[in-house]
1. Can you tell me how many residues within region 46-70 are under 24 Å from Ala15 (Cα atoms), surrounded by 17 or more Cβ atoms within 10 Å (Cβ to Cβ) and not hydroxyl-bearing (Ser, Thr, Tyr)?
2. Given the conditions (1) more than 14 Å from Asp56 (Cα to Cα); (2) within 16 Å of the ligand (Cβ to nearest atom); (3) open to solvent by less than 30 Å² (accessible area, probe 1.4 Å); (4) aliphatic (A, V, I, L, M), report the number of the one that Val354 does not fulfil.
3. Please verify whether Val329 is at pLDDT 95 or above, of a type in the set (A, V, I, L, M) and open to solvent by 50 Å² or more (accessible area, probe 1.4 Å), treating the condition exactly as stated.
4. Out of the residues in region 43-75 meeting the condition of being away from the ligand (no atom under 14 Å from the Cβ) and small (Gly, Ala, Ser), tell me which one is farthest from Val20 (Cα to Cα).
5. Taking Ala255 as the residue in question, decide whether it is open to solvent by 40 Å² or more (accessible area, probe 1.4 Å), within 12 Å of the ligand (Cβ to nearest atom) and in contact (Cβ under 8 Å) with a residue 60 or more places away in the chain.
6. Name the residue that is farthest from Ala28 (Cα to Cα), counting only residues in region 357-392 that are away from the ligand (no atom under 16 Å from the Cβ), open to solvent by less than 50 Å² (accessible area, probe 1.4 Å) and not in a loop (DSSP other than H, G, I, E, B).
7. Please give the helices (runs of 4 or more DSSP H) falling wholly within region 76-133 in which 2 or more residues are in contact (Cβ under 8 Å) with a residue 60 or more places away in the chain and within 16 Å of the ligand (Cβ to nearest atom).
8. Taking the conditions exactly as written (of a type outside the set (Asp, Glu) and within 15 Å of the ligand (Cβ to nearest atom)), does Val240 satisfy them or not?
Amino acid sequence: PAHSGTCPVSPRAQAFDPFVAPYQADPAAALAWARAEEPVFYSPELGYWVVARYDDIKAVFRDNLTFSPANVLEKITPFSDEATQVLASYNYAMNRTLVNEDEPAHMERRRVLLDHFLPANLAHHEDMVRRLVREKVDGFIATGRADLVEQMLWEVPLTVALHFLGVPEDDMDRLRAFSIAHTVNTWGRPSPEQQVKLAHDVGQFWTFAGEVLERMKQEPDGPGWMHEAIRKNAVDSSVVTDSYLHSMMMAIIVAAHETTAHAAANAVKLLLTHREAWEDICADPRLIPNAAEECLRYAGSVVAWRRRTTRAVTLGGVDLPEGANLLIVTASGNHDDGHFAAADDFDIYRGNAVNHLTFGYGSHQCLGKNLARMELRIILEELTRRLPHMQLDPDQVFTYLPNTSFRGPDHLWVTWDVAKNPEADDP
Ligand code: HEM
């Protein structure tokens with residue numbers, strides 16, 4: 001309905017399908033043609049306008065009144081009646097959180113909930129993150145081979161996230177399964193049969209989030225960000241509402257965990273395939289923060305985000321109607337030569353890597369970015385120090401969960417010669 005039907009759709013726009021290759025293989029490369037020739041195009045397959053250039057994406061992020069985030073957590077694939085009924089049977093009511101809230105409610109809530117995210121208030125988590133990473137490396141360093149995703153990179157960010165939020169650390173495996181279901185539910189293209197199964201998983205996640213919330217409410221002085229939100233809700237439920245608490249409990253577990261796990265897996269994979277860069281950071285760990293930023297630019301864990309127009313507006317020379325849904329492909333913006341010189345080169349010394357769009361931009365920019373950066377830095381510091389000689393297992397084929405927005409390899413196998421572990425000489 002948002003599409004007037006009068007504007008011609010080019011063959012490449014017609015063919016665009018973000019749920020299969022080439023977008024699934026490399027979203028930025030898949031949109032090189034759009035960056036060059038058709039930077040804002042309508043995708044009939046998706047029912048969304050796709051935005052491919054850095055400046056246009058930034059303009060969208062900058063104006064959150066014209067470009068509302070209300071659609072950020074909507075199902076990109078509308079569900080069947082059967083799946084919708086299943087969700088209803090769990091009283092599923094995912095609603096506004098922070099990330100999809102309009103002004104002025106959003107800023108009021110963000111301000112009230114900002115403290116825990118400030119760098120000064122994050123520093124005390126550093127020891128815990130390092131201890132968790134070290135324990136994981138201890139567990140496999142003598143084996144010569146590991147799937148870093150399974151054996152470290154998903155569990156550390158999940159544990160850190162739960163700790164940061166003050167959520168009890170039980171049912172970790174269920175939480176991972178729930179997160180994957182939530183991602184496919186929100187950003188994937190499940191078949192009608194998959195939708196019914198997903199609806200049960202997501203419904204159970206919703207119930208679980210509600211139960212955790214009730215348990216946490218019994219502990220009024222509890223630690224962490226969600227406890228803080230619960231206390232704010234108890235004082236004034238008009239800013240931090242009941243619906244917000246339940247929706248946020250579910251959304252934040254995914255936002256804080258999957259994003260960071262994928263970012264770390266993408267970074268290690270990227271650095272090991274650019275061996276010189278890997279060796280440089282092994283030799284000089286001070287290069288790690290900028291290298292991590294370049295990894296977030298080059299192969300971010302969030303590759304596309306959404307907005308919806310609240311009025312007719314022109315973007316990148318294209319007239320958009322009111323109510324148009326936009327898929328803003330941040331991964332494409334991050335590879336825009338107009339903003340990053342030789343954007344397809346991976347360069348850990350790049351001066352403006354930090355300008356990437358992977359954390360979004362403007363008033364909704366990721367609140368967790370400094371926690372995520374700390375985790376990335378510590379993971380890379382520990383791996384480069386203890387396993388500088390590791391290599392990607394050359395025989396693996398990387399697989400990804402098909403969806404528009406969250407991206408990281410399902411597995412990341414690495415190997416190394418145990419006899420050459422630096423610790424063997426210097427225990
Ligand atoms: C928002 C990405 C880690 C909490 C966002 C947004 C993106 C994003 C794209 C939307 C930004 C916008 O609309 O401008 C990422 C990536 C991460 C990461 C790539 C890891 C590499 C985290 C972590 C936490 C977190 C670890 C929490 C501990 C949030 C919150 C928001 C948000 C609360 C909503 C902010 C608002 O709307 O005001 N994130 N995120 N994120 N993120 Fe993250």
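1. Matching residues across region 46-70 total 8.
2. Among (1) more than 14 Å from Asp56 (Cα to Cα); (2) within 16 Å of the ligand (Cβ to nearest atom); (3) open to solvent by less than 30 Å² (accessible area, probe 1.4 Å); (4) aliphatic (A, V, I, L, M), the lone unmet condition for Val354 is (3).
3. The answer is no for Val329.
4. Of everything passing the filter in region 43-75, Ala52 is farthest from Val20 (Cα to Cα).
5. yes
6. Among those residues, the one meeting the criterion is Arg386.
7. By residue number, 105-112, 119-122.
8. Criteria met by Val240.
The values are calculated or read from the model by the stated rules, or taken from the named source; none is laboratory data. Nothing here was measured: the structure is a model prediction, and the numbers come from that model. Every residue, glycine as well, gets a Cβ built from its backbone with ideal geometry; the counts of neighbours run over all protein chains shown. Just the protein is used for accessible areas: all its heavy atoms, side chains included, with ligands, DNA and RNA removed. Shrake-Rupley method; radii C 1.70, N 1.55, O 1.52, S 1.80 Å.
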